[in-house]
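Here the structure comes first, spelled out in structure tokens, and everything after it is commentary.
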Amino acid sequence: MEASWKDRTKRIGDHIIATHRGQCAVSIRFLAKAWSWTPARVNRFLKRIERQNMVSINSETGLNIITICNYEKFQNVGTAPETQAKQKRNTAETNNKKDSIPEERKDNTLSRFEEFWVFVPRKQGKGDARKAYVAALRKTDADQLLSSIKAYAASRIGEDPTFTVTPAKWLNSERWLDETQKMHRMKGRQNDDTWTPGNAAPNRRKDRSDPAIEQIARLAGL
């Protein structure tokens, strides 16, 4: 049973019923179905709460117009517009709490992203990359993203820059997992006496090297 919080009209079957704030128009059959009671039990309940001055009931065209006594007291608010405004404020505050990031954490995230961006081999779509970076932090940590982008930048040295993926795509595709696996394989090779850095990538095409990527590699100490 839901009372009106403002004056309104309501169509029930063939009838148009006007209700005021704190009133509701319902039939005994509707309440019986909603509460899983018998109609007789619903009648007894309504008469009991009417005797206790909790509600007043006026029957019209087979419907009961139920007025909740002390409705304003139960609502603990002043007027209907105030109620609506408060509901909107509460909804807005709830949404803001869900979407907001604590300032300290936000500053740290942006700082780590800028550190990540330094080593991105193809600096394109920074805004999209920033969003993808924040999303990626729900799956991994900033240190892994940083070490993996450094490894990816190193892998693009001497390669055709046309095929270097954008940072947003790299993040959205979870490419840091690929780089982590490569680094584990590389570490295993370094433990092999026959492996040397010089023969790690014999097929690199030096003639198509990207100077920007080589600069990033130098910054990363690779």
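Confirm whether THR19 is among the β-branched types (Val, Ile, Thr) and under 19 Å from TYR71 (Cα atoms).
For THR19, the condition - among the β-branched types (Val, Ile, Thr) and under 19 Å from TYR71 (Cα atoms) - is met.
Could you grab me the full set of residues in the range 19-38 that are at negative phi and surrounded by fewer than 13 Cβ atoms within 10 Å (Cβ to Cβ)?
Correct list: ARG29, LYS33, ALA34, TRP35, THR38.
Might you let me know whether the range 63-82 holds any residue that is outside the structural domain of VAL26 (by TED's automatic domain parsing), more than 30 Å from ASP14 (Cβ to Cβ), of a type in the set (A, V, I, L, M) and at pLDDT 80 or above?
No.
Hey, could you check the range 98-116 for residues that are out of contact with any Lys or Arg (no Cβ under 7 Å at 6 or more places or on another chain), part of a helix (DSSP H, G or I) and hydrophobic (A, V, I, L, M, F, W, C) and say which is modelled with the highest pLDDT?
Checking each candidate, the answer is PHE116.
Looking for whichever is in a loop (DSSP other than H, G, I, E, B) and at pLDDT 85 or above here; the options are ARG21, ARG41. Which one fits?
Step by step, each of ARG21, ARG41 is checked, and only ARG21 is in a loop (DSSP other than H, G, I, E, B) and at pLDDT 85 or above.
Six or more apart or on different chains, Cβ atoms under 9 Å: show the pairs whose first residue is in the range 11-31 and in the same structural domain as ASN43 (by TED's automatic domain parsing) and whose second is of a type in the set (D, E, K, R) and at pLDDT 85 or above.
Going by the 9 Å Cβ cut-off, there are no qualifying pairs.
The values are calculated or read from the model by the stated rules, or taken from the named source; none is laboratory data. What you see is a predicted model; the values in this text were computed from it and never measured. For neighbour counting, all protein chains shown are included, and Cβ atoms are generated from backbone atoms with ideal geometry for every residue, glycine included.
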